[in-house]
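The values are calculated or read from the model by the stated rules, or taken from the named source; none is laboratory data. Please read these numbers as outputs of a predicted model, since none were measured by experiment. Cβ sites come from the backbone with ideal geometry, for glycine too, and all protein chains shown count toward neighbours.
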Amino acid sequence: MSIINSKGIQNFLFASAFIIFLSSCSSMNVTEERVYDGGIKTVEASVVEVKDLDYETKAIFANATVFFEFDSYNLTSKSIQTLKSVVSVMNANIELKIILAGHADERGTREYNLALGQRRAESVRNYFLLNGITPSRISVKSYGEERPLASGNDEVSYAKNRRVEIN
Amino acid sequence: MEVKSEYLIASFFSFLIHALIILYLMDFFYSEKQIRPVLSQTVDVNLIFEEEIIKPKKLPEAVKVPSVNQVVDKDINIEQDIKPTNTDEINISINDLIKIDKAEIASSSEKEINQISSMIVNMVESAWVKPKNIQDGLVCDLRLVVNRNGRIISVSLIKSSGNIRFDNSAMKAVNRVESFNFYNKIPNNLYADNFKKIVITFNPS
Amino acid sequence: MKKILVIFLLPQLIFAELVLEITQGSDDPYVIALLDFDGDEIIAKQITEIVNNDLNRTGEFKIISKEKLLSSPKSEEEINFNDFKLLNIDYIVIGALDSEDQFNLSVSYQIFSVLNENKIRTSKVLGIPNKIKQLAHYISDGIYEEVTGLKGVASTKILYVSEQEENNKSLYQLVVADADGANEQILLKSYEPIISPAWSPDSKEIAYVSFETGIARVYIQNISSGKRRVAIQNTKQISSPAWSPNGNFLSLTMYQDGNAEIYILNLKNNNLTRLTNHYSIDTESSWSPDGSSIMFTSGRSGSPQLYEIKLSRFNSKPKRITFEGNYNAKGSYLKNGDGIIFVHRSNNDFKIALKYFNENFIRPLTESKLDESPSISPNGNVIIYAVTENGESLLSGLTLSGARFRLPAKKGEVREPAWSGFLR
């Protein structure tokens, strides 16, 4: 690109110098340029294999989802109920590891929602830590608004999307 | 109580330095030589008629001829800055002219100049479309050269607002006016002194 | 023979894609007579059409159609300026295709000022026969620059994310297209979400967040070679990349202590510097044009608001810059640094808004309910953003002068547009 540009610039300088020599009465702009269009390459994202969860844990945690208010990551009392039962299951099965995935509804900006999902997942994690679960058994991530459960644009759908899923 | 002399001397110097700084900031040391003319040579006498210019009502467009306040305060004789003209009236200092203006508001040629100035302002104002989404406080100055028939021969931007769209809109307004059809009614002497070269400030606030 | 075939096919492809909808113009456009370019009819028609659309999309031009003109001069000598003065035309553009063979296509054009009855510009653009669009965009930009004094953006590119259904899965693609939405090319294909695409200052590389490994990671990819790398290796997620104006740094959002915080990565030596340290969310960093400050979204006052932090002073305190409303996010600076554009929520609607630093009020720019991801053109005059309408998202644009346009509908949903720098 630099080569082509400098050629264009050279041409331009030459042309403008020439014009200055001619010294036309009005100030006129003279340019010459070359179109540059760089190539583009397509990349396919590598698919990472997600390790299949232990089927037993899947069965136990299928319903463990905790919901939140708009722009909030505080646990509601209803959430705490759900989490209590998860804690007891965790305590009963010491081997069990869980992944907390935080989500947000589609309103607002994506990055902020990504961070919000993360905070929601962290809230749940903190609850678990406070209740004696060792940190190594919990991993946390966020999908922001990228993986909604419900696709509507109404408050009902939004409410379903503000969640943390426990797997 | 014993007062150490070093402290006294130190505080005296400190006082001196602070006083000097304050005085400098208050322009105590300001001398007239430092003044540059507000505009270039074409600071014609017509510029006094600043109070004539309309401050805008609700409509955003206001075109006013720039003030010469700075010049007036310092009481500068701007003779050398004025392009040579034939009349002798210019030898009077701006201060005097202002005094005359205030004292004799009904003087006839002044009246006429005011009238013509406001006609110019009105024409440009009605041709000006202020660009959208422009921030407040932008101001730009254009200099126009107008020939005897009122045709605008040249327009140049002498002070940019810093926003190209704003500057462009001012240029467009003047280009759209193209000519002032009332110029033939201006007496020759007034034209040469006041209306051959004019500076217009675009100030929407 | 072959050459003629190619020329016949090309227009079909091109005209099928380009459905530009200009929904509103600005109040005080420059009026231009754009005469048909002289030369091969098909190519000339294409060029004229593209230049016409480009100039219309800026919102600052009104193109008088051929039929309304009183005369159609083909060269300078043939111009009767009065014909154009009568129609209140400000400028005339006359162009011609100079030479054309298999490998080269050159077009020259001249611009005339009707007011002063003189020629104000002569330009020549050299291109390649199958890249006619780009050549036409160069011409549009040349005309725009000569008339307005601002650099044109018809020859720039936009980057966005598209999502469509494929085999019952969502296919995400990172797409780069011309500023008018045409000429789409795919940079990345993935079955996991892609967000936050960003251009490097020289527009040769892009950064984006991809979920392909299971969590959000920031990648830097070279556009022409396709080579990419993870911006920084990390076990925890990273997002929200933004390049510094000199291209040496990348600001990122990292979640090391569980909370979103802003870090700056030195691209030359991989040093990481932490910028924020607050228990609330800090994300969506964006650099000022002179590189001296970073603006970001923070929840530290209780709701998302925009803050600015000066980089010159170590440990300087972030200063809040938005005070109206309870949701202000994804800010980016105007190109001359005298204001910002951002997403603003009022009455439950998310709009794009503009705020100048020397004013203490917000100017909403858009009217729909779910607008997001504004990106501003390199000349600072046009904003492109994503609109959600009837459950679908598409790209829309508005110019500061008040014009609005829609980019052509694509398959699936499109969002997160990012505008490249100047490419000419």
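The residues of segment A:130-150 that are away from chain C (no Cβ under 13 Å), in a helix (DSSP H, G or I) and in contact with a Leu (Cβ under 9 Å, 6 or more places away or on another chain) amount to a single one, A:Arg137. For segment A:65-80, which residues satisfy the criterion of being in contact with a Phe, Trp or Tyr (Cβ under 9 Å, 6 or more places away or on another chain) and of a type in the set (Gly, Ala, Ser)? Within segment A:65-80, just A:Ser79 meets the criteria.
Note on segment C:239-282: enclosed strands (runs of 3 or more DSSP E) holding 1 or more residues that are in contact with a Ser or Thr (Cβ under 7 Å, 6 or more places away or on another chain) are C:249-254, C:261-266. Only residues that are surrounded by fewer than 18 Cβ atoms within 10 Å (Cβ to Cβ) and more than 27 Å from C:Ala198 (Cα to Cα) were counted in segment C:130-176, giving 4. Just one of the numbered conditions (1) buried (at least 22 other Cβ atoms within 10 Å of the Cβ); (2) at pLDDT 90 or above; (3) touching a helix residue (DSSP H, G or I) at 6+ places or on another chain (Cβ under 7 Å); (4) hydroxyl-bearing (Ser, Thr, Tyr) is not true of A:Tyr127; which one? Only one criterion in (1) buried (at least 22 other Cβ atoms within 10 Å of the Cβ); (2) at pLDDT 90 or above; (3) touching a helix residue (DSSP H, G or I) at 6+ places or on another chain (Cβ under 7 Å); (4) hydroxyl-bearing (Ser, Thr, Tyr) is unmet by A:Tyr127, namely (1). Listed by first and then second residue, the pairs linking a residue in segment C:347-360 that is closer than 17 Å to C:Leu398 by Cβ and at the interface with another protein chain (Cβ under 9 Å from one of its Cβ atoms) to a residue that is of a type in the set (S, T, N, Q) and not in a strand (DSSP E or B), with Cβ atoms under 8 Å apart and 6 or more places separating them unless they lie on different chains, are C:Leu354/B:Asn133; C:Tyr356/B:Gln135.
Return the residues of segment C:213-228 that are touching a Leu at 6+ places or on another chain (Cβ under 9 Å) and over 16 Å from C:Gln185 (Cα atoms); say none if nothing qualifies.
First pass over segment C:213-228, keeping only residues touching a Leu at 6+ places or on another chain (Cβ under 9 Å): C:216, C:218-221, C:223, C:226, C:228.
Correct list: C:Ala216, C:Val218, C:Tyr219, C:Ile220, C:Arg228.
Checked against (1) surrounded by fewer than 19 Cβ atoms within 10 Å (Cβ to Cβ); (2) more than 17 Å from the chain's Cα centre (by Cα), C:Lys335 passes all but a single condition, namely (2). Here B:Ser109 clears all of (1) more than 14 Å from chain C (Cβ to nearest Cβ); (2) buried (at least 17 other Cβ atoms within 10 Å of the Cβ); (3) not in a strand (DSSP E or B) except the condition numbered (2).
Tell me, yes or no, whether segment C:407-417 has at least one residue that is within 29 Å of C:Ser285 (Cβ to Cβ), more than 9 Å from every other protein chain (Cβ to nearest Cβ) and hydrophobic (A, V, I, L, M, F, W, C). The answer is yes, given that some residue of segment C:407-417 is within 29 Å of C:Ser285 (Cβ to Cβ), more than 9 Å from every other protein chain (Cβ to nearest Cβ) and hydrophobic (A, V, I, L, M, F, W, C). Taken over segment C:394-423, the criterion of being surrounded by fewer than 21 Cβ atoms within 10 Å (Cβ to Cβ) and either within 16 Å of C:His344 (Cβ to Cβ) or not aromatic (Phe, Trp, Tyr) (or both) is satisfied by C:Leu394, C:Gly402, C:Arg404, C:Arg406, C:Pro408, C:Ala409, C:Lys410, C:Lys411, C:Gly412, C:Glu413, C:Arg415, C:Gly421.
Criterion applied to C:Ser106, C:Ser123 was being out of contact with any helix residue (DSSP H, G or I) (no Cβ under 7 Å at 6 or more places or on another chain), without any contact (Cβ under 8 Å) to a residue 24 or more places away in the chain and facing another protein chain (nearest Cβ under 10 Å), and the one residue passing it is C:Ser106. Before we move on, is C:Asn234 under 14 Å from C:Lys268 (Cα atoms) and more than 9 Å from every other protein chain (Cβ to nearest Cβ)? No.
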